[in-house]
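Here is the structure we will look at, set down as structure tokens.
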Amino acid sequence: MARKPILAGNWKMHGSVADAKALASGLAANVGKRDDRGVILGPPFTALATTLEAVRGTNIVVAAQNMHFEEKGAFTGEISPTMLQDLGITHVILGHSERREVFGETDELINKKVGSALAHDLTAILCVGETLEQRDAGDTIKVIKGQVEAGLTGVTAAQASKIILAYEPVWAIGTGRVATPEQAQEVHAEIRACANGLGLPGDDIAILYGGSVKPDNVDGLMTCPDIDGALVGGASLKVEDFTRIVEFQE
Ligand code: 13P
């Protein structure tokens, strides 16, 4: 099965509701009708509803940037899968390195969130990535395999269509230091093999690259056979830049 390219924006903790409306409306006008590429926008919680409204009637879908695994309860400050469903959200980013590093999320917690997302029919965008220290120590593949295996524990082949993986080397996030296509391809191929090893249909799972993706480097990354798209931070906040990323040249 040919994998459709997916271009996803992670807006992180940026922007007002008005900013989100302008950004999502601009992207809806530019790329909302494309059906040869999947487009995902990931606004902060406060702008989810507005973003959904702005892309209504287009092919663009909206992702939350995090969620709790429980449906409800005394979890101050958290958002549940059922709350996301209630809004009409279909996708959720999980295990981003900022969640892991800044907020101490463990593989075990992230795996609970993945299981909960799938149980609530949400597509989980599971992020993995090594630090510079780990890469320099020659541990990249070991670290990535560990995160993929832990994150996907308990996921069945039947649920694989609701999984998107994102390889985001920590040293490439927000640094302007993008992985070379060769570096990214090597890890993506390992991730796909790892998914196959878990009994999942690895060839059907989209694996996105993230970390300083820009209009001027997306084309090179997208030539790699195992890079199926991009998860974009900074450049996803500008209509022109993200439009060009969605319109990468094959
Ligand atoms: P940048 O594109 O800003 O490097 O961020 C990447 C990222 O973390 C996307 O989730």
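Details
- The one condition in (1) surrounded by fewer than 18 Cβ atoms within 10 Å (Cβ to Cβ); (2) closer than 19 Å to HIS96 by Cα that GLY197 fails to fulfil: (2)
- Segment 18-58: number of residues that are of a type in the set (D, E, K, R), open to solvent by 20 Å² or more (accessible area, probe 1.4 Å) and under 20 Å from the mean Cα position of the chain (by Cα): 3
- Residue match in segment 74-90 (condition: closer than 17 Å to ILE163 by Cβ and among the hydrophobic types (A, V, I, L, M, F, W, C)): yes
- Within segment 24-34, being closer than 13 Å to GLU53 by Cβ and out of contact with any strand residue (DSSP E or B) (no Cβ under 8 Å at 6 or more places or on another chain) holds for SER25, ALA28.
- Filter result for the condition that a residue is among the charged types (D, E, K, R), on the phi < 0 side of the Ramachandran plot and within 16 Å of the ligand (Cβ to nearest atom), over GLU240, GLU190, GLU186, GLU182: GLU240
- Residue within segment 120-130 that is touching an Asp or Glu at 6+ places or on another chain (Cβ under 8 Å), within 15 Å of the ligand (Cβ to nearest atom) and farther than 19 Å from ASP228 by Cα present: yes
The values are calculated or read from the model by the stated rules, or taken from the named source; none is laboratory data. Being a predicted model, the structure only gives us computed values, none of them experimental. Because the Cβ atoms are built from the backbone with ideal geometry, glycine has one as well, and the counts that use them run over all protein chains shown. Heads up: the accessible areas ignore ligands, DNA and RNA and are worked out on the full protein's heavy atoms, side chains in. Shrake-Rupley method; radii C 1.70, N 1.55, O 1.52, S 1.80 Å.
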